[in-house]
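Worksheet: the structure to be examined is printed underneath.
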Amino acid sequence: MFDLKPISRKAIPFALAKVERYRFLNEPWQAESICLDVLRVEPTNQQALKLLLLSLTDQFGKGVPASKAREILTILESEYDRCYYAGIICERWAEFTLRQGAPGAGFIAYQSLREAMEQYECAEGLRPAGNDDALLRWNACARVLMRNKELRPRGEEAFEPALDD
């Protein structure tokens, strides 16, 4: 339908700075578009891939499935990044699920947060010296679970009859 206009290699650092700005402005579709433009020029640009993944997770609940973000994990070069960003995907999926508030959301959110915590533990063992991001995210997930008693594994719900006999 349209021939997209390619950006120059020299513009990539400036374009990636704009991605951050658009994410801060809560315009993840703009950020996604810029990342895709960068990746047309440099298909393995790790910063663009990470920012694209984050932009996609910003759009959970707005037509972007978690599977689209997960596809990017396979292109990330470092095992630390694969674990860490897999955790981000799970954590943000849990947040979307809770906002949605559908029946069973508490169980799904619990499972997603636990998966996020497992991924952050994986990243913890691979993290560069001085990088405690995975620990900070793990602690945030743990606090959400401790604070919200409705978030629990499936099977721990108490049965209460709707009507008394």
Where no second cysteine Cβ lies under 4.7 Å, the cysteines concerned in the chain:
C35, C90, C141
Please work out how much accessible surface F107 shows to a 1.4 Å probe, ignoring ligands, DNA and RNA, in Å² rounded to 10.
40
Taking segment 38-135 and dividing mean pair separation by its residue count, relative contact order in percent (alpha carbons under 8 Å, at least six apart):
24
Treating the angle as unsigned and between 0 and 90°, give the value, to the nearest 10°, between the Cα long axis of helix 28-41 and the longest Cα principal axis of the chain.
40
Fraction of accessible area attributable to carbon and sulfur, the chain (%, probe 1.4 Å)
53
Of Q46, L16, L126, which is farthest on the positive side of the dipole of the chain, counting Cα position, with +1 on Lys and Arg Cβ, -1 on Asp and Glu Cβ, and the Cα centre as origin?
L16
For F24 and M146, FRET efficiency with R0 = 35 Å and r from the beta-carbon atoms, rounded to 0.05?
0.75
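As a quick test, which of the pairs K18/K50; K5/K62; K18/K62 have an alpha carbon distance above 23 angstrom in this structure? Write out the running numbers ahead of the final one.
Numbers: K18/K50 14 Å; K5/K62 26 Å; K18/K62 21 Å.
Exceeds cut-off: K5/K62.
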Given H placed 1.01 Å from N in the peptide plane, which residues other than close sequence neighbours of E42 have an amide H under 5 Å from its amide H?
none
From Cα pairs below 8 angstrom and at least 6 apart in sequence, can you work out the relative contact order of the chain, rounded to a whole percent?
15
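Exactly which trypsin sites (Lys or Arg not before Pro) in segment 69-162 are in a DSSP loop and have at most 14 other Cβ atoms within 10 Å? Can you show the working numbers first?
Working: sites: R70, R82, R92, R99, R114, R137, R143, R147, K149, R154; in loops: K149, R154.
Sites meeting the loop and neighbour criteria: K149, R154.
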Computed D for the chain, Stokes-Einstein, Kirkwood radius over alpha-carbon pairs, 25 °C, 0.890 mPa s, to the nearest µm² per second, is 140
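Just to confirm, what accessible area per residue do you get for segment 1-104 at 1.4 Å probe, in whole Å²? Show your work: numbers first, answer last.
Values: 6050 Å² over 104 residues.
For segment 1-104, the per-residue accessible area is 58 Å².
Would you list T44, T74 from the most to the least accessible area, probe 1.4 Å? Show your work: numbers first, answer last.
Working: T44 90, T74 115 Å².
Listed by decreasing accessible area, they come as T74, T44.
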Compactness relative to 2.2 N^0.38 Å, alpha carbon Rg of segment 35-78:
1.11
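Report D for segment 73-154 in µm² per second (integer): Stokes-Einstein, Kirkwood Rh on Cα pairs, 25 °C, 0.890 mPa s. All intermediate terms of the calculation are to be shown ahead of the outcome.
Values: Rh = 12.9 Å.
My calculation gives 191 µm²/s for D.
Using only C-alpha atoms and all pairs of different ones, pull out the Kirkwood radius for segment 1-69 in Å with one decimal.
Working: mean 1/r = 0.0823 Å⁻¹.
Answer for segment 1-69: a Kirkwood hydrodynamic radius of 12.1 Å.
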Can you give me the solvent accessible area of C83 with a 1.4 Å probe, rounded to the nearest 10 Å²?
10
CD proxy, 222 nm, the chain: helix-only mean residue ellipticity via -39,500 (n - 2.57) per DSSP H run with n ≥ 4, per residue, nearest 500, stands at -20500 deg cm²/dmol
So what does W93 come to for accessible area, using a 1.4 Å probe and Å² rounded to 10?
70
If you place +1 on the Cβ of every Lys and Arg and -1 on the Cβ of every Asp and Glu, how big does the dipole about the Cα centre of segment 29-162 come out, in debye to the nearest 20?
300
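The values are calculated or read from the model by the stated rules, or taken from the named source; none is laboratory data. Remember, it's a predicted structure, so these values are computed and weren't measured experimentally. Virtual Cβ from ideal backbone geometry, glycine too; neighbours counted across all protein chains shown. Surface accessibility is based on the protein's heavy atoms, side chains included, excluding ligands, DNA and RNA. Shrake-Rupley method; radii C 1.70, N 1.55, O 1.52, S 1.80 Å.
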